[in-house]
Amino acid sequence: MKKTLKIAIGIFCGFSILAGVFYASKENPRVYLSDRINVAYVNEEIDHKNFDNVINLLNKADFNIDDKVKKALGYVRGLYMVSDSSFISDRKACVGIIDFGYIYPLIVLKVETYFDKINDFYVLKDEYRKKYLNGEKIYLKIEKGNFIIGKKEKDIERILKNEKYFNPNLLNILDKEKGNNLGMLILNLGKNPLGGFDEFVLTGDVNKKEQVILTANIGGKNDIIKSFNGISQDGLSGERVIERNKLYLRSTRDAELRSFLFFLNYFSKNSFIEGISSNIYINNPKESEHISNLPKENAVSVDIGEKQFVSGDIDIKVKNKIIGTAELKGLAEENRLKISTILNEETALNLLKAFK
């Protein structure tokens, strides 16, 4: 009995030491989001998120996502796609980082089922490259508990050589937006603000109603953002009727806002921007003869919040065919704008099917 107990204790201690070695060397993948990273897609705590809404919507659009995918998501702690390429560069290099959390030692044991080991890297086996990637090579390196994937070895090495530390600005964004099941796309403007904008984060979420909500969070200390401060006192919030395919903005500095829209028109020479800009109303009164005379199909009833600076109900077109509508809502906070585009289930399905 004593001998059996000693063996059991020995095995337990052996496993404890082995686990300690593995987990002590495990690095938080957030350290790869340094100032050198210009663009990053991040989806954390995947293993604790409910993807039923996403999978149901995809299956209704005939994507045929089976239970294996859902099961596989339960093993992934976090997914990161990072790029240190310049915004204006034609050649974009991107590296993926997969965090399997505490089960990563078990995943390591399975790697050589799918990859061949070549020096310090693993290369996806020919049979899987031909089946899924038209023969394109994919490289994998396991570094301090993280699985780093790229199309070129040098791209992976460059990301690994970048200075590693916890970027406080990005950490704040990650913690604030981590609940979205479609994750977030981050443009790292903290070190080099663009025109006074120092934050741009696009998040995505599919809710219980299977609505798709895409939200752009824009931060900075410039005149455009300041032009939406103090709108809660303008008397333009509450229930009202607006015209379909028009954007309604509220601003305390409408002259500066109009100058900005003129700037977009003048320098972009882009028909989309010009079309949008020419369909914007700024500080439009609740009651007007134009609104009163609108046909029913062009009139939309809305309830505008006190800090809501933009409202709109816009037709979505694909190949000049209307496939649904998008509701636009924008909230103004101090030095930050939050602009949401809400697609109902029918519109989201039509959009998925159009681009399938």
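The values are calculated or read from the model by the stated rules, or taken from the named source; none is laboratory data. Keep in mind it's a predicted model, so treat the numbers as computed, not measured. Every residue, glycine among them, receives a Cβ derived from its backbone with ideal geometry; neighbour counts consider all protein chains shown. For the accessible areas, the whole protein counts, side chains as well, though only heavy atoms, and no ligand, DNA or RNA atoms are used. Shrake-Rupley method; radii C 1.70, N 1.55, O 1.52, S 1.80 Å.
Mind ranking Glu345, Glu177 by accessible surface for me, highest first, 1.4 Å probe?
Of Glu345, Glu177, the descending order of accessible area is Glu345, Glu177.
Of the solvent-accessible surface of the chain, computed with a 1.4 Å probe and all protein chains present, 55% belongs to carbon and sulfur.
The relative contact order of region 96-211 comes to 16 percent, based on Cα pairs under 8 Å that sit 6 or more residues apart. Solvent exposure of Arg36, expressed as accessible area, is near 150 Å², computed with a probe of 1.4 Å over the protein chains only.
What does the charge add up to near Ser301, with Lys and Arg as +1, Asp and Glu as -1, over the other residues with Cβ less than 9 Å from its Cβ? Overall, the nearby charge balance is -1. For region 146-160, 3J(HN,Hα) computed residue by residue from phi via the Karplus equation (6.51, -1.76, 1.60; θ = phi - 60°) reads 10, 9, 10, 10, x, 7, 9, 4, 5, 5, 5, 4, 5, 5, 5 Hz, glycine and proline entered as x. The magnitude of the dipole of region 67-200, with charges of +1 and -1 set on the Cβ of Lys/Arg and Asp/Glu and taken from the Cα centre, is near 380 debye.
Ranked from the most accessible area to the least, with a 1.4 Å probe and all protein chains present, what is the order of Glu306, Glu199?
Values: Glu306 120, Glu199 25 Å².
In descending accessible area the options line up as Glu306, Glu199.
For the chain, what is the convex hull volume of its Cα atoms per residue in Å³? Write down the numbers at each step before the final one.
Numbers: hull volume 71.8 nm³, N = 356.
In the chain, the Cα hull volume divided by residue count equals 202 Å³.
Close amide H contacts of Asn38 (hydrogens built in the peptide plane, cut-off under 5 Å, sequence separation of 5 or more or a different chain): Ser83, Asp84, Ser85. Solvent-accessible surface (1.4 Å probe) assigned to Glu333 amounts to roughly 80 Å².
On average, how much accessible surface per residue is there in the chain, in Å², for a 1.4 Å probe, leaving out ligands, DNA and RNA? If you can, show how the numbers build up before the last one.
Working: 21320 Å² over 356 residues.
It amounts to 60 Å² per residue over the chain.
Taking the charge dipole of the chain about its Cα centre, with +1 at Lys and Arg Cβ atoms and -1 at Asp and Glu Cβ atoms, the residue from Tyr104, Gly230, Ile37 reaching farthest to the positive side is Tyr104.
Multiply the residue separation of Asn59 and Tyr102 by 0.36 nm, subtract the distance between their alpha-carbon atoms, and state the gained length in nm to one decimal.
Details: separation 43, 0.36 × 43 = 15.48 nm, distance 3.08 nm.
12.4 nm is the gain from fully extending Asn59 to Tyr102.
What would the Debye formula give as log10 I(q)/I(0) at q = 0.22, 0.31 Å⁻¹ for the alpha-carbon point model of region 289-336, no solvent? Normalising to I(0) and taking log10 leaves -0.92, -1.12.
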